[in-house]
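Contents: one structure, followed by commentary.
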Amino acid sequence: MKNISIGDAELEIMKVIWKAESPVTSLDIGKAVEDRGWKKTTIATFLTRLSEKGAIAGEKQGKLYYYTALI
């Protein structure tokens, strides 16, 4: 298994995805971390990074992307 290095902010996103136990949208993730004050673009950047690292998978359904944990 390949080692995946994720930062503290990315870990916060992963915790939301793990807790959901089912595919979760970026909107749901945004609501879960709204206390952080992150903008939608910031969350999108974290999701892109996590996807590129192989930590999550995103699937487009309609206008939304649904994310699931791969680790």
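The values are calculated or read from the model by the stated rules, or taken from the named source; none is laboratory data. In this text, all values refer to a predicted model and were calculated from it rather than measured experimentally. Cβ: placed from backbone, ideal geometry, glycine included. Neighbour counts: every protein chain shown. Surface accessibility is based on the protein's heavy atoms, side chains included, excluding ligands, DNA and RNA. Shrake-Rupley method; radii C 1.70, N 1.55, O 1.52, S 1.80 Å.
Here is how the numbers come out for the structure above:
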| quantity | calculated |
| --- | --- |
| Lone unmet requirement of (1) open to solvent by 100 Å² or more (accessible area, probe 1.4 Å); (2) within 9 Å of the chain's Cα centre (by Cα); (3) of a type in the set (S, T, N, Q) for residue 51 | (1) |
| Residue tally, condition open to solvent by less than 50 Å² (accessible area, probe 1.4 Å) and in a helix (DSSP H, G or I), over the range 1-27 | 8 |
| Members of the range 28-71 found to be in contact (Cβ under 8 Å) with a residue 12 or more places away in the chain, over 17 Å from residue 6 (Cα atoms) and part of a strand (DSSP E or B), listed by number | 59, 64, 65, 66 |
